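The values are calculated or read from the model by the stated rules, or taken from the named source; none is laboratory data. The shown structure was predicted, so the numbers you read here are calculated from the model rather than taken from an experiment. Here the Cβ is made from the backbone with ideal geometry for all residues, glycine too, and neighbour counts use every protein chain on show.
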Amino acid sequence: MASPMTPGGDDELLYEVRGSTGWITLNRPQARNALTFGMYQRLAEICGGLPPAGEGPVRALVITGAGGKAFAAGTDMRQFRAFEKPQDALDYEHKIDVVLGAVEACRVPTIAALPGACTGGGAGIASACDLRIASADLKFGFPIARTLGNTLSITSLSRLAALVGAGRAKEWIFTARLLGAEEALATGLISEILPDQEALAARAAELAEQLAAHAPITLRTTKEALRRLRVEGAGAKDEDLIVEAYMSADFKEGIEAFLGKRKPQWRGR
């Protein structure tokens with residue numbers, strides 16, 4: 001049964017568990033789901049608080065936007081009016097780095113289901129997810145060079161560049177243009193295009209169920225290894241991840257299931 005939870009009675013970010021899938025919905029459709037600082041904080045709390053698959057009911061997480069017209073149109077710009085000193089800017093970008101870091105390091109696989117507009121902070125969240133699928137009306141980008149005139153942190157830039165390459169990242173930001181779904185698919189930013197929001201939600205649920213059925217330790221160690229590779233480079237350490245996988249009960253189960261020609265029963269440990 002779904003169990004909705006909202007931050008402190010606020011309904012701007014919704015979270016519910018449906019079977020083995022957690023669903024986060026950015027819920028300000030009247031503002032194209034532009035994110036408030038409270039929404040960012042709640043997103044980080046949920047992603048950072050989920051236990052590894054096998055230690056809790058959630059084995060995959062979907063993040064999407066309400067209303068059918070947007071995933072998220074960036075940060076709510078009205079909040080920037082209070083910025084008066086250098087520390088305000090530094091604190092904001094640090095906050096964003098912490099939030100997106102929590103999304104990226106979430107201990108279950110994450111799927112960004114992108115309906116319509118996905119810009120600025122919304123594009124940052126999508127970039128921090130493991131998989132991205134989109135409706136046919138996707139508009140993705142960081143148009144800050146023609147809107148706010150701010151900048152992205154090196155952490156956010158490195159995450160985008162790791163997905164699509166530094167050349168594309170620079171061209172998208174410099175031209176301030178928004179990508180459509182076909183170009184996003186061609187560049188590898190998204191993996192699938194769905195015709196509308198209904199089909200997008202259905203595919204997200206199906207994909208989450210598929211991930212939930214796979215070996216949790218394989219998925220968890222792979223995403224952590226790729227995170228370390230992005231942050232630390234090719235010299236990043238991986239011994240703990242290799243030991244975790246090969247010494248797990250799941251690995252022994254996988255061997256016996258394969259040899260016994262049966263489906264493995266993954267436990268996440």
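List pairs: first residue in segment 40-58 and without any contact (Cβ under 8 Å) to a residue 24 or more places away in the chain, second residue surrounded by 15 or more Cβ atoms within 10 Å (Cβ to Cβ) anywhere in the structure, Cβ distance under 7 angstrom, at least six positions apart or on different chains.
So the pair list comes out as Gly56/Leu50.
Taking the options Glu192, Glu206, name whichever one is within 30 Å of Leu138 (Cβ to Cβ), in contact (Cβ under 8 Å) with a residue 24 or more places away in the chain and out of contact with any Gly (no Cβ under 7 Å at 6 or more places or on another chain).
Of the residues listed, the single one that is within 30 Å of Leu138 (Cβ to Cβ), in contact (Cβ under 8 Å) with a residue 24 or more places away in the chain and out of contact with any Gly (no Cβ under 7 Å at 6 or more places or on another chain) is Glu192.
As an exercise: evaluate Glu232 against (1) among the acidic types (Asp, Glu); (2) within 24 Å of Ala112 (Cα to Cα); (3) outside the structural domain of Ala128 (by TED's automatic domain parsing) and give the number of the one condition it does not meet.
Only one criterion is unmet by Glu232, namely (2).
Quick one: Ala202 ticks every box in (1) more than 17 Å from Pro51 (Cα to Cα); (2) assigned to a loop (DSSP other than H, G, I, E, B) except a single one, so which number is it?
It is condition (2) that Ala202 fails.
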